[in-house]
1. Are any of the residues in region 70-79 in a helix (DSSP H, G or I) and touching a helix residue (DSSP H, G or I) at 6+ places or on another chain (Cβ under 6 Å)?
2. Just a yes or no: is a residue in region 94-106 more than 20 Å from Pro61 (Cα to Cα), surrounded by fewer than 17 Cβ atoms within 10 Å (Cβ to Cβ), away from the ligand (no atom under 12 Å from the Cβ) and not charged (D, E, K, R)?
3. Select from region 2-25 the residues that are near the ligand (Cβ under 9 Å from one of its atoms), at pLDDT below 60 and not small (Gly, Ala, Ser) and list them in ascending order.
4. Can you find even one residue in region 150-164 that is touching a Leu at 6+ places or on another chain (Cβ under 9 Å), part of a strand (DSSP E or B) and more than 15 Å from the ligand (Cβ to nearest atom)?
5. Go through region 107-132 and report how many residues are more than 15 Å from the ligand (Cβ to nearest atom) and without any contact (Cβ under 8 Å) to a residue 24 or more places away in the chain.
6. Kindly indicate the residue of region 23-51 that is aromatic (Phe, Trp, Tyr) and surrounded by fewer than 14 Cβ atoms within 10 Å (Cβ to Cβ) and also farthest from the chain's Cα centre (by Cα) among those meeting that condition.
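The values are calculated or read from the model by the stated rules, or taken from the named source; none is laboratory data. Here the structure is a predicted model, which is why all the values come from computation and not from measurement. Glycine gets a Cβ as well: all are built from the backbone with ideal geometry, and neighbour counts include every protein chain shown.
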Amino acid sequence: MWPEEQAHGRLKDGFNDAVFGDSVIIRRFRPGDLEAALEIDMEVFGGYDPAIFATFYECHPNSTLVAEIGGAMAGFILGFKHTPFEGRIFWLAVAPGYQSRGIGMRLLLGVLKIFRQMGALNATLEVRVSNKKAQSLYSAMGFCMSGVFPGYYSDGEAAIIMKRRL
Ligand SMILES: CC(C)(COP(=O)(O)OP(=O)(O)OC[C@H]1O[C@@H](n2cnc3c(N)ncnc32)[C@H](O)[C@@H]1OP(=O)(O)O)[C@@H](O)C(=O)NCCC(=O)NCCS
């Protein structure tokens, strides 16, 4: 079974319904979302330069998505068409209070669909060697390890490169 089918099956099986039901909306990022996105970014990553986020959104509005629950932002994903045939996931974050409830999975499903609509054949991402939770989500979504970048992050940690066909 294709990873998306398994993921959708898992949602249907009640993985998430007991908590959120159909109330999770995955939609495109809007300029008014910036403040909430920066708050989540601060909570999970310690806060990057807001200008990077704003510039990214302006350059890639179609593949910058948010998850909204009851009008509040629960998470976001930033992706872009890296080469004519490759979509790249640049940033994914779910607010701590909403983690482990399928929001990251839904955001990934959303951006993979957009990559496909853009004509990409593969999707890639980098993840910290120590970030086992993100790695298990990506593996569940069909990504496989395709390499390692030693010293990729500013603190010297290596990145695992993960890739999947679309
Ligand atoms: C990593 C992160 C984005 C995941 O988002 P999330 O909403 O918590 O993830 P999900 O609930 O969709 O999925 C993760 C969990 O479900 C599991 N999972 C998801 N889809 C699955 C599937 N189809 N089949 C089996 N397991 C699945 C994962 O293994 C993981 O298990 P756990 O929560 O019990 O540890 C989020 O935890 C986060 O923002 N972390 C901090 C920032 C970060 O690390 N970002 C990624 C940088 S590369």
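1. First, pick out the residues of region 70-79 that are in a helix (DSSP H, G or I): none.
Looking through region 70-79, none of the residues is in a helix (DSSP H, G or I) and touching a helix residue (DSSP H, G or I) at 6+ places or on another chain (Cβ under 6 Å).
2. no
3. Listed by number, the residues that qualify are Arg10, Leu11, Phe15, Asn16.
4. The answer is no, given that none of the residues of region 150-164 is touching a Leu at 6+ places or on another chain (Cβ under 9 Å), part of a strand (DSSP E or B) and more than 15 Å from the ligand (Cβ to nearest atom).
5. Residues meeting the conditions: 2.
6. First, the residues of region 23-51 that are aromatic (Phe, Trp, Tyr): 29, 45, 48.
From the residues that got through so far, the ones that are surrounded by fewer than 14 Cβ atoms within 10 Å (Cβ to Cβ) too are 45, 48.
Numbers: Phe45: 14, Tyr48: 16 Å.
Applying the filter and picking the extreme gives Tyr48.
Matching residues to (1) basic (Lys, Arg); (2) at negative phi; (3) at pLDDT 95 or above; (4) assigned to a helix (DSSP H, G or I):
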| site | (1), (2), (3), (4) |
| --- | --- |
| Arg27 | yes, yes, yes, no |
| Gly32 | no, yes, no, yes |
| Ala36 | no, yes, yes, yes |
| Tyr48 | no, yes, no, no |
| Phe53 | no, yes, no, yes |
| Ile114 | no, yes, yes, yes |
